[in-house]
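The structure under discussion appears below in the form of structure tokens.
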Amino acid sequence: MTIKPFPTFWTALRQPPACRLLCRLRRIHDHPDSHRSPILLIHGFPDSERMFDTYVTPDERKRDWLRGRNIYAIALPNRRTNPSWPSLADLRRGRLAREVAALIDAVIAASPTGKVVIIAHDWGATLTWALVRRRPDVPIEKMVALSVGSSFRYDWAEHGLRALAWLYSVLFGLPYYLPPARHLTAAMLMLGGYRAPDAANAACDSFHYWDWPLTLMRLPLRLIGYGRQPPFTDIRFPVLFMRCPLDRIASTAGFELALQQRPDCQVHLTANPHWFPEQRPEEVLRLIRPFLAG
């Protein structure tokens, strides 16, 4: 599959802000007599919402955790199902975060319980946690957070030199400025364990890392603690958190310890790569089924 034109900083710079929603709400399953909170799936870079297809098959919908629920998915702009590349103005103004928040509110408004159950990976989890930080009382019944914790993701005080690993965003963001670099990005993704038939085109979604040149400029300030946020643990709903070793810097010990001390929350570590939700769905489903049952 070939995406043309490749989305770059230069096209985003000339592109006017979008007039319509860039994030799309997909209704996967409609249960006409539902009395349970709906399930909302939110994917992350570099995948589309189709990464959750195994989770919502007709057979899976007969299980207790899904039975009788409406099922939705938010499709962030992506190469597979929603190639609505944002303009630079959209990215700089945080449009994707606002749209995800608005679509979560729309699902809540349609919910028979007034609440929602969210399963989110990577950027999907990042945007959900950002919403919860701003609005701690958002009516989330339960959340399955995959790979990304709630705390500020550049914690120099805790991670030490490992915090410099966030410079990988340079390699992810480079194709956005220099399209031939997408081959390097694809190789890095596959080296990290990413397996997909269109892995060579995964860099098409690199607009998420549009601000990596600013990251380089801010790095000296980050190293002395400027802009650091404390761990966010004021979470008012049960959480199932799952990550792999590669995601260590996308979480904090304070966040994980806070969850482990709560009887309604779970923390699970997997030896599989970052893309385990799509590539190892059975491992995730074994945890989700009892967590969301009843």
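The values are calculated or read from the model by the stated rules, or taken from the named source; none is laboratory data. For clarity, every value in this text was computed on a predicted model and none was experimentally measured. Using ideal geometry, Cβ is built from the backbone for each residue, glycine included, and neighbour counts are taken over all protein chains shown.
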>> One residue is enough: does the stretch 268-276 have a residue meeting the conditions at pLDDT 90 or above and part of a helix (DSSP H, G or I)?
In response: yes
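Would you confirm whether any residue within the stretch 134-150 is part of a helix (DSSP H, G or I), in contact with a Phe, Trp or Tyr (Cβ under 7 Å, 6 or more places away or on another chain), more than 14 Å from Pro238 (Cβ to Cβ) and touching a residue at least 40 places away in the same chain (Cβ under 8 Å)? Write out each step before concluding.
First, the residues of the stretch 134-150 that are part of a helix (DSSP H, G or I): 134.
Next cut, in contact with a Phe, Trp or Tyr (Cβ under 7 Å, 6 or more places away or on another chain) only: none.
Checked against the condition, which is being part of a helix (DSSP H, G or I), in contact with a Phe, Trp or Tyr (Cβ under 7 Å, 6 or more places away or on another chain), more than 14 Å from Pro238 (Cβ to Cβ) and touching a residue at least 40 places away in the same chain (Cβ under 8 Å), the stretch 134-150 yields no hits at all.
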> Quick one: which helices (runs of 4 or more DSSP H) sit completely within the stretch 167-261 and have at least 1 residues that are more than 25 Å from Ile288 (Cβ to Cβ) and out of contact with any Leu (no Cβ under 6 Å at 6 or more places or on another chain)?
Replying inline: 168-177, 182-191, 212-223
> Which of the residues belonging to the stretch 266-290 are farther than 18 Å from Gly44 by Cβ and surrounded by 20 or more Cβ atoms within 10 Å (Cβ to Cβ)?
Replying inline: none
> Any idea how many residues of the stretch 93-133 are touching a residue at least 60 places away in the same chain (Cβ under 8 Å), of a type outside the set (Asp, Glu), in a helix (DSSP H, G or I) and within 17 Å of His208 (Cβ to Cβ)?
Replying inline: 10
>> So, in the stretch 22-53, exactly how many residues are crowded, with 16+ Cβ neighbours inside 10 Å, within 20 Å of Ile119 (Cβ to Cβ) and either in contact with a Pro (Cβ under 8 Å, 6 or more places away or on another chain) or not basic (Lys, Arg) (or both)?
In response: 21
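Would you confirm whether or not the stretch 13-21 contains a residue that is buried (at least 18 other Cβ atoms within 10 Å of the Cβ) and either within 30 Å of Trp210 (Cβ to Cβ) or in contact with a strand residue (DSSP E or B) (Cβ under 8 Å, 6 or more places away or on another chain) (or both)?
Quick first cut of the stretch 13-21, residues buried (at least 18 other Cβ atoms within 10 Å of the Cβ) only: none.
No, the stretch 13-21 contains no residue that is buried (at least 18 other Cβ atoms within 10 Å of the Cβ) and either within 30 Å of Trp210 (Cβ to Cβ) or in contact with a strand residue (DSSP E or B) (Cβ under 8 Å, 6 or more places away or on another chain) (or both).
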>> Here's a check for you: in the stretch 160-180, which residue that is within 11 Å of Trp210 (Cα to Cα) and surrounded by fewer than 18 Cβ atoms within 10 Å (Cβ to Cβ) is nearest to the chain's Cα centre (by Cα)?
In response: Ser169
> Quick one: in the stretch 68-81, which of the residues that are of a type outside the set (S, T, N, Q) and in contact with a helix residue (DSSP H, G or I) (Cβ under 7 Å, 6 or more places away or on another chain) is nearest to Trp123 (Cα to Cα)?
Replying inline: Leu76
